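Report on one structure; see the data block that follows.
The values are calculated or read from the model by the stated rules, or taken from the named source; none is laboratory data. What you are looking at is a predicted structure, and each value in this text was computed from that prediction instead of being measured. FYI the Cβ positions are ideal-geometry reconstructions off the backbone, even for glycines, and counts take in every protein chain you see.
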Amino acid sequence: MAEPFEPKITAFVCNWCTYAGADLTGTSRIKYQPNVRVIRLPCTGRIDFMMVLKAFTRGSDGVIISGCHPNDCHYTSGNYHARRRWMVFRDLLEFVGIDLERIIFSWVSAAEGAKWADLVNEVTSKVRALGPYRELRQLAAVGID
Ligand code: FES
């Protein structure tokens, strides 16, 4: 009998807010789904959408992008840059066939450990319902990565 599908979620988070919030989740002993792998960046403004594509080609079924709330970015406007970049690239990603339902943006502050747990649980359930994301992995298998 086949194993039930367990999604792999990659989370790109900023160091100052969401990473600290995720840390608070752990120190508060709040339980949440173990499906997420966190990649810590200095700021969401650092995120290049090639990173998101690479996450999918390397096996992720879903991606979370999360940083400081608006007006709280430690580099002043990195989160606004990330949001603007997303607005520009989402149409392009959709055009090339990326399932946008698998990319989730959020703001989680250093004080929102419970929100981080809720976000991970919601995204894991959503991606579990969507099923495995094999399309981009197949591109990587033929060398388009
Ligand atoms: Fe957190 Fe910029 S430092 S989004």
Kindly provide the set of residues from the stretch 1-19 that are surrounded by fewer than 21 Cβ atoms within 10 Å (Cβ to Cβ), touching a residue at least 24 places away in the same chain (Cβ under 8 Å), more than 9 Å from the ligand (Cβ to nearest atom) and not charged (D, E, K, R), ordered by number. F5
Out of (1) within 16 Å of the ligand (Cβ to nearest atom); (2) under 14 Å from the mean Cα position of the chain (by Cα); (3) on the phi > 0 side of the Ramachandran plot; (4) not aromatic (F, W, Y), the odd one out for I47 is which? (3)
Hey, does the stretch 68-86 have a residue that's within 20 Å of I39 (Cβ to Cβ), in contact with a Leu (Cβ under 7 Å, 6 or more places away or on another chain) and not charged (D, E, K, R)? no
Neighbours by Cβ (under 7 Å, 6+ apart or cross-chain): first from the stretch 80-105, closer than 24 Å to E122 by Cα; second hydroxyl-bearing (S, T, Y) and outside any loop (DSSP other than H, G, I, E, B): A82/T44
State yes or no: is W107 crowded, with 16+ Cβ neighbours inside 10 Å, of a type in the set (F, W, Y) and touching a Phe, Trp or Tyr at 6+ places or on another chain (Cβ under 8 Å)? no
Could we say that E101 is under 25 Å from D48 (Cβ atoms) and either of a type in the set (A, V, I, L, M) or touching a Leu at 6+ places or on another chain (Cβ under 6 Å) (or both) here? no
Can you name the condition, by its number, that R102 falls short on among (1) at pLDDT 95 or above; (2) under 20 Å from Y19 (Cα atoms)? (2)
Candidate set from the stretch 50-73 (those that are within 16 Å of the ligand (Cβ to nearest atom) and either loosely packed, with under 15 Cβ neighbours inside 10 Å or charged (D, E, K, R) (or both)); member that is nearest to G21 (Cα to Cα): H69
